[in-house]
Amino acid sequence: MTTQNNPSSNSARPLAVVTGASTGIGFELARECARNGFDLVLAADEALDRAEAACRELGASVETVTADLATLPGVDELVQRIANRPVDALLANAGHGLGQAFLDQDFDEVQHVIDTNITGTIYLIHEVGRTMRGRNRGRILITGSIAGYMPGSFHAVYNGTKAFVDSFAYALRNELKDTDVTVTCLMPGATDTEFFKRAGMEDTKVGTDTKDDPADVAKDGFDAMMRGDAEIVSGWKNKVQTTVANVTPNEMLAEQHRKMAEPGTGKK
Ligand SMILES: NC(=O)c1ccc[n+]([C@@H]2O[C@H](COP(=O)([O-])OP(=O)(O)OC[C@H]3O[C@@H](n4cnc5c(N)ncnc54)[C@H](OP(=O)(O)O)[C@@H]3O)[C@@H](O)[C@H]2O)c1
């Protein structure tokens, strides 16, 4: 289902497409784009009324697309709604987690994590990125995660998808290095959004610990995208964590992750 409001085909303002814009980091990325003069196409699989109103308040024209971006038809719907408008910035942010031990998970849910975080994300980038390369102009921000640096016991598939995304962003950036299309990977640490509730991880240590503010994370990501940086790890604690993870054996990282993500480890 889609709604159309003030499409910006004749607007002189640049156009940004933000996925996963209904809540959390994507909601704040959308607001950051609006604040910085972009018109917007926002996508998520549930209602985007709050994001639409918040971005309009900041002066943007906003169009919303409600589609399951885990599916190729869902991504096609978003691409069709962008139509022939040049996309100046693509913020591929939609994603979700899934807690519990891998063998206890429902495989349909496992598949949905992979299809959202990997297949839908790279299919959208493939569609929009080709047009950007043709125009020799555009910015792509991909929301990866510092989770991609560590084997995620009790969040195994999610961390694997983010390892894919983090790696993919660098590779695509390199392939486009002789063009004016930039690729930036935003790698947040634990951030205070709907993420942990949706992943069923509210009884875990990482789910109950203090987290980063999604507005700060989004600002870091947006600024890095505008500078054309390769990556941004948001927050100094997360920068330390990724530096340490780079020199820590994977078996030890997996054990540390168990202590954060195993059900029952959360504060009561
Ligand atoms: N929170 C963290 O600690 C953290 C840390 C590192 C990276 N990240 C990444 O940051 C990104 C945003 O997550 P968040 O923390 O802001 O969580 P969030 O508040 O749950 O937001 C996730 C957004 O993605 C959308 N989405 C999820 N699956 C979708 C699908 N199949 N089709 C369309 N939209 C879908 C959701 O839309 P609906 O509301 O319509 O479902 C929502 O807009 C994700 O890629 C996540 O992996 C989060």
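The values are calculated or read from the model by the stated rules, or taken from the named source; none is laboratory data. Computed from a predicted model, the values in this text were never measured in an experiment. Reconstructed Cβ throughout: ideal geometry from the backbone, glycine too, with neighbour counts over all protein chains shown.
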Q: Could you tell me whether region 214-223 includes any residue that is in contact with a strand residue (DSSP E or B) (Cβ under 7 Å, 6 or more places away or on another chain), without any contact (Cβ under 8 Å) to a residue 60 or more places away in the chain, farther than 18 Å from GLY152 by Cα and not hydroxyl-bearing (Ser, Thr, Tyr)?
A: yes
Q | Selection from region 42-67 of residues that are in contact with a helix residue (DSSP H, G or I) (Cβ under 6 Å, 6 or more places away or on another chain) and touching a residue at least 40 places away in the same chain (Cβ under 8 Å) | A | ALA43, ALA60, VAL62, THR64, VAL65, ALA67
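One line per residue, one yes/no per condition, for (1) part of a helix (DSSP H, G or I); (2) more than 30 Å from LYS219 (Cβ to Cβ); (3) modelled with pLDDT of 95 or more:
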{"position": "ILE232", "(1), (2), (3)": "no, no, yes"}
{"position": "THR248", "(1), (2), (3)": "no, no, yes"}
{"position": "GLU251", "(1), (2), (3)": "yes, yes, yes"}
{"position": "ALA254", "(1), (2), (3)": "yes, yes, yes"}
{"position": "LYS267", "(1), (2), (3)": "no, no, no"}
Q. Quick one: is VAL113 out of contact with any Cys (no Cβ under 8 Å at 6 or more places or on another chain), closer than 19 Å to LYS162 by Cβ and crowded, with 18+ Cβ neighbours inside 10 Å?
A. yes
Q: Among what's in region 87-137 and is of a type in the set (A, V, I, L, M), more than 16 Å from the ligand (Cβ to nearest atom) and in a helix (DSSP H, G or I), pick the residue that is nearest to PRO214 (Cα to Cα).
A: MET132
Q. So ASN159 clears everything in (1) away from the ligand (no atom under 12 Å from the Cβ); (2) surrounded by 16 or more Cβ atoms within 10 Å (Cβ to Cβ); (3) in a helix (DSSP H, G or I); (4) not basic (Lys, Arg) except one condition, right? Which one?
A. (1)
Q. Which one of these does GLY95 not meet: (1) touching a residue at least 60 places away in the same chain (Cβ under 8 Å); (2) more than 18 Å from the chain's Cα centre (by Cα)?
A. (2)
(Q) Suppose we keep only residues that are in a loop (DSSP other than H, G, I, E, B) and within 11 Å of the ligand (Cβ to nearest atom) within region 187-205. Which one would you say is nearest to PRO263 (Cα to Cα)? (A) MET201
Q: Mind telling me which of the residues THR179, THR184 ends up being more than 8 Å from the ligand (Cβ to nearest atom), surrounded by 17 or more Cβ atoms within 10 Å (Cβ to Cβ) and either more than 17 Å from MET260 (Cβ to Cβ) or more than 13 Å from the chain's Cα centre (by Cα) (or both)?
A: THR184
